[in-house]
Amino acid sequence: MRLLSLLFLVAVQAAAQVPDSGRWQELRFSAQEVGQLSEEHYIEQTVSLAAAGQLDRDRVLLARVQRIANGLIRVATTLKPEAAGWQWEIHVTGDPGVEAESQAGGKLLLGRSFVARLKLDDGELAVLLAHEIAHIVAEHERETLSEALLDSHRDLPLEVVDERLASDIPLQLRLSKLSAIQEREADQLGMLMAFRAGWPCSAMLRFYAKLAEDSAGPTLLASHPSGATRLSLAKGMSRLLGN
């Protein structure tokens, strides 16, 4: 009986479902250890940006982003209750190489240049933030690291898997199908969260229309669907949500 209980516990720890879509995931690393690793990366990144004078210099945009994100995070916790206990943190950077990024455990970074280039209003900005928050809520980083571990066919520490994932191009190619699934999932879940946070579907359509116009051509490792595909999904979600 004890053995069966242990096997059941392992099975529960190794599998989970994405909120709303219900897609099953293989999660071989704990949320705590992935969150700790992501926090270390985030601290290193933000400290470096601050030292270069490229962190939170635009206080008006920072306040705007934090206000919008707070409403989205409240919705996120209804989809994933444990997210209420995460240490959510968001910063704005002047680094032109950053568009929008998210890391496990509630860490977000938004590029001022990207927001300015697309001339995002509050509703459009909410859709962008919701997409990144959806990645966090769906634990996509934890899933990707877990799949990278499974790909190795051996037991490796999280730090080793993380380093391999960052530098191993063939591994990234093998996981590209999963990345595409995750991006579509973040688009769909993000739009649902934005809608539940009170933002109209028209904002979704405007954001994805702008993104489609801004999108560059596909690259070898492109994980995002095409701009046209994402706009088509936004139109479908708008009809589904009836707004």
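The values are calculated or read from the model by the stated rules, or taken from the named source; none is laboratory data. Remember, it's a predicted structure, so these values are computed and weren't measured experimentally. With ideal geometry, Cβ positions are generated from the backbone for all residues, glycine too; neighbour counts draw on all protein chains shown.
In the set H131, H140, which member is closer than 16 Å to R196 by Cβ, touching a helix residue (DSSP H, G or I) at 6+ places or on another chain (Cβ under 7 Å), of a type outside the set (A, V, I, L, M, F, W, C) and modelled with pLDDT of 95 or more?
Being closer than 16 Å to R196 by Cβ, touching a helix residue (DSSP H, G or I) at 6+ places or on another chain (Cβ under 7 Å), of a type outside the set (A, V, I, L, M, F, W, C) and modelled with pLDDT of 95 or more holds for just one of H131, H140, which is H131.
Going through the range 117-154 one residue at a time, which ones are among the polar types (S, T, N, Q) and more than 20 Å from the chain's Cα centre (by Cα)?
Listed by number, the list holds a single entry, S152.
Could you count how many residues in the range 52-92 are within 21 Å of L120 (Cα to Cα) and of a type in the set (V, I, T)?
The qualifying residues number 6.
Please find, among S232, S238, S223, S202, the residue that is of a type in the set (G, A, S) and modelled with pLDDT of 95 or more.
Step by step, each of S232, S238, S223, S202 is checked, and only S202 is of a type in the set (G, A, S) and modelled with pLDDT of 95 or more.
Determine if the range 199-211 includes at least one residue that is on the phi < 0 side of the Ramachandran plot and surrounded by fewer than 16 Cβ atoms within 10 Å (Cβ to Cβ).
Checking the range 199-211: at least one residue is on the phi < 0 side of the Ramachandran plot and surrounded by fewer than 16 Cβ atoms within 10 Å (Cβ to Cβ).
How many residues are out of contact with any strand residue (DSSP E or B) (no Cβ under 7 Å at 6 or more places or on another chain) and either part of a helix (DSSP H, G or I) or surrounded by 19 or more Cβ atoms within 10 Å (Cβ to Cβ) (or both) if we restrict to the range 89-119?
Residues meeting the conditions: 8.
Identify the single condition in (1) buried (at least 16 other Cβ atoms within 10 Å of the Cβ); (2) over 20 Å from the mean Cα position of the chain (by Cα); (3) not charged (D, E, K, R) that P157 does not satisfy, given that it satisfies every other one.
(1) is the only condition that P157 fails.
So, in the range 107-126, exactly how many residues are farther than 17 Å from A63 by Cα and of a type outside the set (K, R)?
Summing the residues that are farther than 17 Å from A63 by Cα and of a type outside the set (K, R) in the range 107-126 gives 1.
Testing P225 on (1) of a type outside the set (D, E); (2) in contact with a helix residue (DSSP H, G or I) (Cβ under 8 Å, 6 or more places away or on another chain); (3) surrounded by fewer than 16 Cβ atoms within 10 Å (Cβ to Cβ); (4) part of a loop (DSSP other than H, G, I, E, B), one condition comes back false. Which one is that?
Checking P225 against (1) of a type outside the set (D, E); (2) in contact with a helix residue (DSSP H, G or I) (Cβ under 8 Å, 6 or more places away or on another chain); (3) surrounded by fewer than 16 Cβ atoms within 10 Å (Cβ to Cβ); (4) part of a loop (DSSP other than H, G, I, E, B), the one that fails is (3).
Restricting to the range 167-180, name every residue that is in contact with a helix residue (DSSP H, G or I) (Cβ under 9 Å, 6 or more places away or on another chain) and of a type outside the set (S, T, N, Q).
Hits for the range 167-180 are D168, L171, R174, L175, L178.
Of E26, E40, E33, E44, which residue is at pLDDT below 95 and farther than 23 Å from L128 by Cα?
E26
Can you spot a residue in the range 63-78 that is at pLDDT 95 or above, buried (at least 20 other Cβ atoms within 10 Å of the Cβ), in a helix (DSSP H, G or I) and small (G, A, S)?
Yes, the range 63-78 contains a residue that is at pLDDT 95 or above, buried (at least 20 other Cβ atoms within 10 Å of the Cβ), in a helix (DSSP H, G or I) and small (G, A, S).
Please identify the pairs in which a residue from the range 41-55 that is in contact (Cβ under 8 Å) with a residue 60 or more places away in the chain has its Cβ atom under 9 Å from the Cβ atom of a residue that is assigned to a helix (DSSP H, G or I) and not hydroxyl-bearing (S, T, Y), counting only partners at least 6 apart or on another chain.
Cβ pairs passing all conditions: H41/D162.
Could you tell me which numbered condition P170 fails, if it satisfies all but one of (1) touching a residue at least 12 places away in the same chain (Cβ under 8 Å); (2) assigned to a helix (DSSP H, G or I)?
(1)
Residues V10, V60: which one is part of a helix (DSSP H, G or I) and modelled with pLDDT under 95?
Answer to the check: V10.
Any residue in the range 126-146 that is part of a helix (DSSP H, G or I), under 21 Å from E185 (Cβ atoms) and among the basic types (K, R)?
Within the range 126-146, one or more residues are part of a helix (DSSP H, G or I), under 21 Å from E185 (Cβ atoms) and among the basic types (K, R).
Could you check the range 44-103 and list, in sequence order, the residues that are among the hydrophobic types (A, V, I, L, M, F, W, C), out of contact with any Lys or Arg (no Cβ under 6 Å at 6 or more places or on another chain) and closer than 25 Å to S21 by Cβ?
The answer is I68, A69, L72, I73, A76, L79, A83, A84, W86, W88, I90, A100.
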